[in-house]
Structures are given as C-alpha cells and as structure tokens.
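Asker: Below: one structure in structure tokens.
The values are calculated or read from the model by the stated rules, or taken from the named source; none is laboratory data. Computed from a predicted structure; not experimentally measured. With ideal geometry, Cβ positions are generated from the backbone for all residues, glycine too; neighbour counts draw on all protein chains shown.
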C-alpha cells in the first residue's frame, strides 16, 4: 500500500542535513460505535454544559480558565496560548545517539516511517550507519505547532521517527511498590523450563482480530432479529502460593 | 503512588493463573484547563446531549449502537460484548513466549502495568524473574471494553508491563517508502559514523522536558500575580427543602458568613 | 494459642496472642492495644456506657479483613453486661454494654480494634443524646477541606445558639457533635435538622460540599454525612483506635486547636496516634466530657 507523506523536513545532526518525508505507519481499523439515547435511539452528541443552569453553552461563549483554588480561575485566552506555541520549523534536531532497544516501551507513543525526500546519499548513509552501529537518535522537532521529543531509528531499508512521551506523563515501574519475593531454586528452574518450552517466534500475521468478526456477526444476528444468548465471563481460579511449584511441575508434564 | 486499577482478572501461562490488576502506565502530564461560561465564569462540564429533546442524558440512559443505515442502529450491550469471548474477558492467557526484542516496535500501541492482586505476589514474582532471566516476553489476547487486544507482556524494572499491539493488518507497508537499493557512499557514511559515535550517550528521559507545559505554568504564574482571579458564581444545585423557618435562618447565617470572608 | 491470665480486681481474664502484631508496619501488638485501652479507660468508658457496642474485629491485624459483630458473642463471661435491642426486622438481639474496664479488656482481647456505638443509649433507643455531622472527604479532598466545612458548621450552628464539638475520625475525616441530652429529641428530628443544614451548606458552597452519597458527586468535595443520625447507625466512639497503617485514634480537638493545626496546611498534622492521645488526656482530661451533659434543643423544627 502506498502511503502518502504527511510532512516534510530534514534530519539535522553535526554538520549533516538529510531531507526526509514523514509517512503514517499505522492505520487503525475498529468497529465504530455511537452513543444513543436508550429509549428512542437518538444519536447523542457531546456538549459543554453549564454545571449550574444545565444548558448547553456554544463554543463562542466558552473561555479557558485555570483553577487556582475552589471556584477561582485565571483566564487564559487563545492568543496568549498562541504566543506560547513554538515556531514551526523543518528541522528534526538530533541531540544524541543511544543504544537501540534501550528505551523503555512505556515512553514510546507512535512510530512513523521516514522516507527520503529528494534522492540524497545522506539518507542511505544515515540508515546504514545507524544499523551498523546499533544506535538510534534522540531528537526534537516541531510539527503543526506542537513540539515533540522522539527517536530516529532504522529498520530494514527505512528510517523511522517515533514520538516519545514526556517523563512527567509516564508512571515509573519503580513506583508500583511491588513486594520482594523469595523463590526457591526449584521453583525458578521449573518456571524457566516451562517458559522455554512454551517459547516460539512472534508471527503477527497469525493473530487475527477475531473479535471484530464475531462482533460483526453479532450485529448481523441482532439486525435480523435473532436472539442472543448471554455467556458469563469465565474466570480462572488463581494458583494458590503454596501450590505454585506443584502447578509448574504439572504444567511441564502437560507440555512434554 | 496509588494507581486505580482499570481491570482485574488473571494472567496465566499453562496451568498457572496469577490474580492481577491492570493499571495505567501513562497519566496526563498536561496543564489542565477548565472551560468556563464567558458571561459569568460558571464552570462547564462535558455531557452527552440529546439534540431532539435538548437535554442532558444521564449515563444510565445511554446505550451503545452500531449504525446499519441512516439513523438505524443496532444496540449492543456490555454483556453481549463480553459474551463474544467469555474466556478472554477476565483472563489474559499467554499463548507464546518470544524473545523480548522480537516485536517490531511499530506494533506497540498503549502501555499499562499489571500488578499482583492479593495472594498473587509469589507467582507474579516468579513470572517476572523467569522472564527476566530468559529475556522472554509473553504474547496474549484479551478482551477489554469494546475491543479484543493482542498484547505483549514484558518485564520492566521488576514489573510486568502490558503493551497493547496493533494487528498486522493495521500496519502499513513501508515498501513505498524504502530506498531501492543499498546506495550509501562509504565516505559519507564513515563521516556520519564518526559524528554519531561522538554523540553517543545513555537515554535520560527527564532531560527532555515539556517546554509547552513549562511556558504555560510560567504564564499562569505571571497572570496570577498581575490580576485577581475571576470567581465562579456560587449557586446551589437545588434549593434546600426542609422546615421553612430553619432554612431561612440558616441562609441568613450563610449570607453573614460569606460577607465576613 | 498463647494464653496469659490477667487479674483485674477479683476477676481473672484469660488473654490470648498478646504478642500478635496488629499494626505490622508500626509494631503495635495486642498487648499495646490492651494497654492503650486500659490507660484511656477513665475517658472512654463514660462515652461507651449503656450503649450497644458494635464490635469491629481485626483478628489478623489492621490491614487485614475485619468483621462486624453487633450481637454479643454467646461465649461471653457471665459478668459482661448486656441489653436487648430491637432489630430493624422486629426481632430482639442481645448486645454488649461496655460499662467497666473488665468488659473493655474482654472486648479488646477479641481484637475489636475499633469501637462503634449508636448515638442513643440502649435503654432509650429512640432519643439520641447527640447529633453528629460526619465530614468525609471525597477523592481529591482531604482533612483540611473537612476542617473548612467544620468551621462553617460551627459558625452556622453558633448562630442558632448551638454548641458543638469536633473530633478527628482517626482516618481521613472529622466528626462534629452537637450535644442534646434531652429525652424528647427524636432521631426523626435530628435527621431532619442535620439534613437541612447539610443541604443549605451544599446550596451555598456547591463546589466544596455535597450531601449526596454518590462517589462521583463527592470528588474533590466534602461529603456531609447527616444520615449517621439514625437509630440503627453507629459512629466510631471517641478515643477508639482506628484500623489504619498507624494506630490512629478518633481524638477530640478544641476549635482553636483545629484552626491552628489546619493552618499549617499539612493534613498529617490533623491526626493523632495513641501515645499523643494519652498525653493529651493526662494534661487536659476529656475534651469531650461536656458532650455528655450540655442540654440543647434543636430550634425551628
């Protein structure tokens, strides 16, 4: 499938400039639902409503406030926010290079393909340099009045630009307060053997979105007036902590 | 940090089932504004609105519909959605363990964490330690809300991180983007490699701060010093019922209280 | 099970599992709990006296599951005083009355960390001795917000010539008590009165106060729970320990003290643990003792 470019710019680092085009890499496909009023199936829409009068307020009568304390606001208008918006630029500025795979996936937001804009030796050189060194760049850029921090990586014959989340948006795993667990060598060994036995290769094509199909069937059935039987969600019984080793060993026998 | 769980169930591999909760790994870091009514600074809230009756519809009167024709909908309930894959709505079953870096990051969608529920700590700890030592990650499918997700379960700093994945038919091919053949001029490449090596560092996410947020906060700080904040009107949602004289006396006393504030 | 026999007066009370740590992160054992209640007994007993006790038992500690026991256990020693109270379904139920130190010790030996009592005495079940406003912060609100609402309550009630006394809930909220001590005031009246006050406050400060149970409506607000004023409702007794991470206590505070504490802007400052409460009562006595004697009539009903 040919993917249209959505933005043009250039990668800059050191004394190099590499002209690139940005392409979408993911197109989500989902069954689209609408929210309806239960009794007459009128399609509802979202509306900003005054909390006191319960009446809709048209967008031209809406202003933006920052709540300093209960019921007290600092008003900020669009112009003031506009002045804060960064200047658009065409540069994807690389600040440093890090080992590929080092970035915790919780930071990854979205990947884009980055193709060559004009035929330039720089694109191929950069692509191959990154692949050979096993590195990816950390870069910042501004696109449509928004500043981004992201990654510049290489895979196959294509450069990729990924957007990253800011660290204040990410919950660090360390904050989860997970307990330290003592495990016996026997438990660990059984666990490792089991995981090794259940190991394979990731083949994304093997995983179809079956749910989507079932959902379409459900809708078709309901449209033709068929009755739908409700199935209760199945729950699995949790393995008791003192049965862990036993269960791991039983699993191993089952696999073999 | 107390994180609210958005789902509870089990994560399982073979016969082992671990009770877990799903929590968000991403929180809004943005400065959040409240929309107000320009005329009196009354706060606004986002509501579902019925255009025919011109009124707010409470959540218990809202249903989910799929459009099969102009203004013709098929209503689908939560129970019916759960019925589609009853074995997957309360259980994340790992079907395969794969090498951790086997998944092309282009498949990554949204990250979450799994945390152990009561009496699941030990099996959870075991799965984490085993996956860490073998450098494996799990592939599973599970149903959450309106969708069935293909997910990757991997280990991050001693925790199970669940990343929802895109299905392969959602990934666009990069063939039109790729360069035709290997064509790097070696001199150019060598010069680049030299610069790249000079710029090598370890990734420190805190180094890149949200500039926009910083600017907004500083703008707010300046404005708060210069001008007094506006005040939302204080109007009760309903007039209190109750003995008339008592309400009147209490209201009078509230009025006095506000005047001295 | 480890047993020790304690001698209180001329009675012998077998105590079990004294070294069991019921507040594990604090290191507070059952022996500590018994000792706390023994020392606070001169002050807590008058507030428990004659009231049907609801046991809230934490056999595995403050962070583990608990159970309520309204009925007085059948295996009680014969010297434990009881009363018959009518249940909502009309049947009669035997309840414990904690009128003396021995009973208090027996109850604590059952790991009933928290002591909950109704606002009326068992002998006069229809007429509460006091009216309570239970101020409970919703998500995003804290005890400082509760203090703000408590001050408003105090001012409004004072305009009605009513005296009231605050105590910490020992958890996240505050309780404001209005002494009545008249045999004529009924729960119908305290309910109607407290509901009206709560609604007027909500009407005037809708962003700060709610009188609605709904969790959604309670976000960032203080919930004024007026419905605790019912014959079958119980509220945690003053000086009772609370089951939380630390051995906190539902402790009386003076209004002036509350203003100073809340003024620091730190919710943790408006919280007392057992040792602080012992020290306070040794110095100031029972700040809540007037709650048991001041006679007041609810006006405008």
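Asker: In region A:70-109, what count of residues is obtained for those that are within 27 Å of the chain's Cα centre (by Cα) and either in contact (Cβ under 8 Å) with a residue 24 or more places away in the chain or not in a helix (DSSP H, G or I) (or both)?
Answerer: So the count comes out to 24.
Asker: Does region A:121-142 hold any residues that are modelled with pLDDT under 90 and in contact with a strand residue (DSSP E or B) (Cβ under 6 Å, 6 or more places away or on another chain), and which are they?
Answerer: A:122
Asker: So, one more: With the condition being within 7 Å of chain A (Cβ to nearest Cβ) and closer than 30 Å to residue B:123 by Cα, I'd like the strands (runs of 3 or more DSSP E) fully within region B:7-63 carrying at least 2 qualifying residues. Spell out how you get there, then give the answer.
Answerer: Numbers: elements: B:16-24, B:34-37, B:44-50.
In region B:7-63, the matching strands (runs of 3 or more DSSP E) lie at B:16-24.
For (1) more than 21 Å from residue C:190 (Cα to Cα); (2) out of contact with any strand residue (DSSP E or B) (no Cβ under 7 Å at 6 or more places or on another chain); (3) without any contact (Cβ under 8 Å) to a residue 40 or more places away in the chain, each residue gets a yes or a no:
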residue	(1), (2), (3)
C:71	yes, no, yes
C:79	yes, no, no
C:93	yes, no, yes
C:106	yes, no, no
C:109	yes, no, no
C:115	yes, no, no
C:128	no, yes, no
C:133	no, no, no
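Asker: Moving on. Could you please let me know if residue B:231 is touching a strand residue (DSSP E or B) at 6+ places or on another chain (Cβ under 6 Å), modelled with pLDDT of 80 or more and closer than 22 Å to residue C:149 by Cβ?
Answerer: Taking the combined requirement at face value, the residue satisfies it.
For (1) within 7 Å of another protein chain (Cβ to nearest Cβ); (2) touching a residue at least 60 places away in the same chain (Cβ under 8 Å), each residue gets a yes or a no:
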residue	(1), (2)
A:129	yes, no
A:134	no, no
A:143	no, yes
A:148	no, no
A:151	no, no
A:160	no, yes
A:166	yes, no
A:170	yes, yes
A:176	yes, no
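Asker: Are any residues in region C:62-103 at pLDDT 85 or above, part of a loop (DSSP other than H, G, I, E, B) and either within 19 Å of the chain's Cα centre (by Cα) or closer than 18 Å to residue C:113 by Cβ (or both), and if so, which ones?
Answerer: Once the filter is applied, which keeps residues that are at pLDDT 85 or above, part of a loop (DSSP other than H, G, I, E, B) and either within 19 Å of the chain's Cα centre (by Cα) or closer than 18 Å to residue C:113 by Cβ (or both), region C:62-103 yields C:62, C:70, C:71, C:72, C:73, C:98, C:99, C:100.
Asker: Restricting attention to region A:1-26, and to residues there that are outside any strand (DSSP E or B) and exposed (fewer than 13 other Cβ atoms within 10 Å of the Cβ), which single residue is farthest from the other protein chains (Cβ to nearest Cβ)?
Answerer: My answer is A:4.
Asker: Could you grab me the full set of residues in region B:64-81 that are in contact (Cβ under 8 Å) with a residue 12 or more places away in the chain and outside any helix (DSSP H, G or I)?
Answerer: B:64, B:75, B:76, B:77
Asker: What's the number of the only condition in (1) buried (at least 18 other Cβ atoms within 10 Å of the Cβ); (2) under 30 Å from residue B:215 (Cβ atoms); (3) touching a helix residue (DSSP H, G or I) at 6+ places or on another chain (Cβ under 7 Å) that residue B:97 fails to meet?
Answerer: All conditions are met except number (2).
Asker: Still on this structure: Go through A:152, A:130 for me and flag whichever is over 30 Å from residue B:124 (Cα atoms) and in a helix (DSSP H, G or I). Spell out the reasoning first.
Answerer: On the way: A:152 fails: in a helix (DSSP H, G or I).
Testing whether each residue is over 30 Å from residue B:124 (Cα atoms) and in a helix (DSSP H, G or I) leaves just A:130.
Asker: Sticking with this one: Any residue that is facing chain A (nearest Cβ under 7 Å), touching a residue at least 40 places away in the same chain (Cβ under 8 Å) and farther than 29 Å from residue A:216 by Cβ - is there at least one of those in region B:82-103?
Answerer: Yes.
Asker: Looking at (1) over 30 Å from residue A:73 (Cα atoms); (2) surrounded by fewer than 15 Cβ atoms within 10 Å (Cβ to Cβ); (3) out of contact with any helix residue (DSSP H, G or I) (no Cβ under 9 Å at 6 or more places or on another chain), which one does residue B:186 not meet, given that it meets all the others?
Answerer: It fails just one condition, (3).
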